[in-house]
Amino acid sequence: MGSLSPALCLCLLGLASMAMASPPRRPLDVPFQTNYVPTWAGDHIKYINGGMEVQLSLDKYSGTGFQSKGSYLFGHFSMQIKLVPGDSAGTVTAFYLSSQNSEHDEIDFEFLGNRSGQPYIVQTNVFTGGKGDREQRIYLWFDPTKDYHSYSVLWNMYQIVFFVDDVPIRVFKNSRDLGVRFPFNQPMKIYSSLWNADDWATRGGLEKTDWSKAPFVASYRSFHVDGCEASAAAAFCATQGKRWWDQRDFQDLDGLQYRRLAWVRRQYTIYNYCSDRSRYPAMSPECRRDRDA
């Protein structure tokens, strides 16, 4: 019997435990201007259909980026992105949350460009108290340049979960009881950017950006934000315990989600700091709790 396709494997996983799943609520399709503003190089952002879709472009003169109007303590944040097609080596498309001080918290998606025909790499990272170095890297089970796909973060007092099309690719549990800091009291803005990082992004910087292929374009839509909005100085969420994303169903992954996460780990993970014994001789406590090792 031949091997099953990635799409069929996901379908079978879903059918096996359909009743158990507690996926995030369906994101709303809202225009860019509802929740976001340009951060830099606004002339490199193109608005389509009244801002329901935007395109970020990178050329040899500049990249560009945008940020949320508000700051948030917990919530569910999602965008649909179609990544730079063709030869995108050296480029990085980023989607992340970050607070703004020297001991900042940060939750990162970074999409690392490739030479034509090579797969994109998705790198995730979590910073707490200014400390990161928690990188995980995966290949995707589809071509992210052919169509839009959803990339989401669920963040509450119990866990941070990274989703790709509702498939959890990473979970970072609150392990403060084990001495591991967890983002809980620093409001974060949401950011996205397209920029040149050919000193490290593709094969550790060996593959440089081919500017003859510029401009490089990444497309966005469905600028969904469902979070606890707070001032930049707020240290707690006024609606803690009252929003859908911090109810019991979202305090842990369910059985189906853990099986999907295991599938991603088994089939598509290419680097996990939790299993890098040369870099970290002792496994970090959160790794065992997150079942990511």
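The values are calculated or read from the model by the stated rules, or taken from the named source; none is laboratory data. None of these values were measured; they are calculated from a predicted model. Backbone-built Cβ (ideal geometry, glycine too); neighbour counts: all protein chains shown.
Checking each residue in the range 99-108 for being of a type outside the set (D, E) and surrounded by 19 or more Cβ atoms within 10 Å (Cβ to Cβ) picks out S99, I107. Among residues of the range 90-116 being polar (S, T, N, Q) and in contact with a Leu (Cβ under 8 Å, 6 or more places away or on another chain), the one that is modelled with the highest pLDDT is T93. When S222 is tested against (1) touching a residue at least 60 places away in the same chain (Cβ under 8 Å); (2) not in a strand (DSSP E or B), just one condition goes unmet, and that condition is (2). Each residue in the range 158-183 was checked for being closer than 16 Å to H104 by Cβ and out of contact with any helix residue (DSSP H, G or I) (no Cβ under 8 Å at 6 or more places or on another chain), and 3 pass. Checked against the criterion of being touching an Asp or Glu at 6+ places or on another chain (Cβ under 8 Å) and among the polar types (S, T, N, Q), the candidates Q251, Q247, Q240 yield just one match: Q240.
A single member of D177, D165 is within 29 Å of T34 (Cβ to Cβ), surrounded by fewer than 20 Cβ atoms within 10 Å (Cβ to Cβ) and without any contact (Cβ under 8 Å) to a residue 40 or more places away in the chain, and it is D165. Quick check: anything in the range 167-190 in a strand (DSSP E or B), touching a Phe, Trp or Tyr at 6+ places or on another chain (Cβ under 6 Å) and farther than 17 Å from S99 by Cβ? Within the range 167-190, one or more residues are in a strand (DSSP E or B), touching a Phe, Trp or Tyr at 6+ places or on another chain (Cβ under 6 Å) and farther than 17 Å from S99 by Cβ.
Considering P215, P187, the condition of being in contact with a Ser or Thr (Cβ under 6 Å, 6 or more places away or on another chain) and closer than 18 Å to T145 by Cβ is satisfied by P215 alone.
Scanning the range 1-51 for residues that are part of a helix (DSSP H, G or I), modelled with pLDDT under 90 and touching a Phe, Trp or Tyr at 6+ places or on another chain (Cβ under 7 Å) yields a count of 3.
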